[in-house]
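This report refers to the structure that appears directly beneath it.
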Amino acid sequence: MATQAPVPLYTYDDLARFPDDNLRRELIDGELIVTPAPRLRHQDVVMRVSARLFAWVEEHGGKVYPAPTDVYFDDRTVLKPDVLLVRSEHAAKLTEKFVRSAPDVVVEVSSPSTRRLELVRKREVYERFGVPEYWYVDLDADRIEVHRLESGRYPAPRLLRRGETLESPEVPGLSLPVDDVLGPLED
């Protein structure tokens, strides 16, 4: 009977030793996940969301970071959401190298190569480690899925389409039109 070689498990220290080569490296339970640089539309959306959240933190306090910013959940689970927000009352989670534990909001923007990773694996990590809100901007479906933690779980997401506005208890006073996030309709 043939045996498979064990899959190596990585830690945050291993992650820190990789070169800066425009690849996103993340860990889920010690498994190394590597994804290529995203497409331009993806980055446009990241900038739109980041700008709106940055304007909010300028008024209310806190920090917003676009990728690549490490979120250290534990030594073997480190993710780099496309955008993250930490409210001012949770500033103790900010360290020199990473955000320790759950940010208040994480945002992932879909890419063809990362769809399953974001909708299944990362969503499970965000739920398991208690991220209060996870926004998934689905460029293919032209919508935003809002996952809000309830009793330690993410129930079915709220689906917001063009013409609707995202409002969040985690970001009080923010009114984010879905059209502003998604940008102009593509021809």
One residue from V181, V107, V146, V78 being farther than 23 Å from I33 by Cβ, touching a Phe, Trp or Tyr at 6+ places or on another chain (Cβ under 6 Å), in contact (Cβ under 8 Å) with a residue 12 or more places away in the chain and buried (at least 16 other Cβ atoms within 10 Å of the Cβ)
V146
Could you count how many residues in the stretch 139-154 are out of contact with any strand residue (DSSP E or B) (no Cβ under 8 Å at 6 or more places or on another chain), more than 20 Å from T114 (Cα to Cα) and either in a strand (DSSP E or B) or not polar (S, T, N, Q) (or both)?
3
I'd like the residue in the stretch 111-138 that is among the β-branched types (V, I, T) and part of a loop (DSSP other than H, G, I, E, B) and, out of all such residues, is farthest from R162 (Cα to Cα).
V131
Counting only strands (runs of 3 or more DSSP E) entirely within the stretch 1-80, those with at least 2 residues that are over 28 Å from P184 (Cβ atoms) are 24-28, 31-35, 71-74, 77-79
Filter the stretch 53-66 for residues that are within 21 Å of D138 (Cβ to Cβ) and surrounded by fewer than 20 Cβ atoms within 10 Å (Cβ to Cβ) and give the result.
P66
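Every residue, every condition in (1) aromatic (F, W, Y); (2) at pLDDT 90 or above; (3) on the phi < 0 side of the Ramachandran plot, yes or no:
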{"position": "P6", "(1), (2), (3)": "no, no, yes"}
{"position": "N22", "(1), (2), (3)": "no, no, no"}
{"position": "A37", "(1), (2), (3)": "no, no, yes"}
{"position": "R48", "(1), (2), (3)": "no, yes, yes"}
Note on E89: of the conditions (1) buried (at least 16 other Cβ atoms within 10 Å of the Cβ); (2) within 18 Å of Y65 (Cα to Cα); (3) modelled with pLDDT of 95 or more, unmet is (1)
Could you list, in sequence order, all residues of the stretch 64-86 that are more than 11 Å from L27 (Cβ to Cβ) and either of a type in the set (V, I, T) or at pLDDT below 95 (or both)?
V64, A67, P68, T69, V83, V86
Those residues of the stretch 71-123 which are under 18 Å from L176 (Cβ atoms) and hydroxyl-bearing (S, T, Y) amount to S110
Output for the stretch 149-178, where each listed residue is among the hydroxyl-bearing types (S, T, Y) and either modelled with pLDDT under 95 or within 26 Å of P38 (Cα to Cα) (or both):
T165
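The values are calculated or read from the model by the stated rules, or taken from the named source; none is laboratory data. Note that the coordinates shown come from a computational prediction; the quantities given were computed from them, not determined experimentally. Note that we place each Cβ from the backbone using ideal geometry, even for glycine, and neighbour counts take in every protein chain shown.
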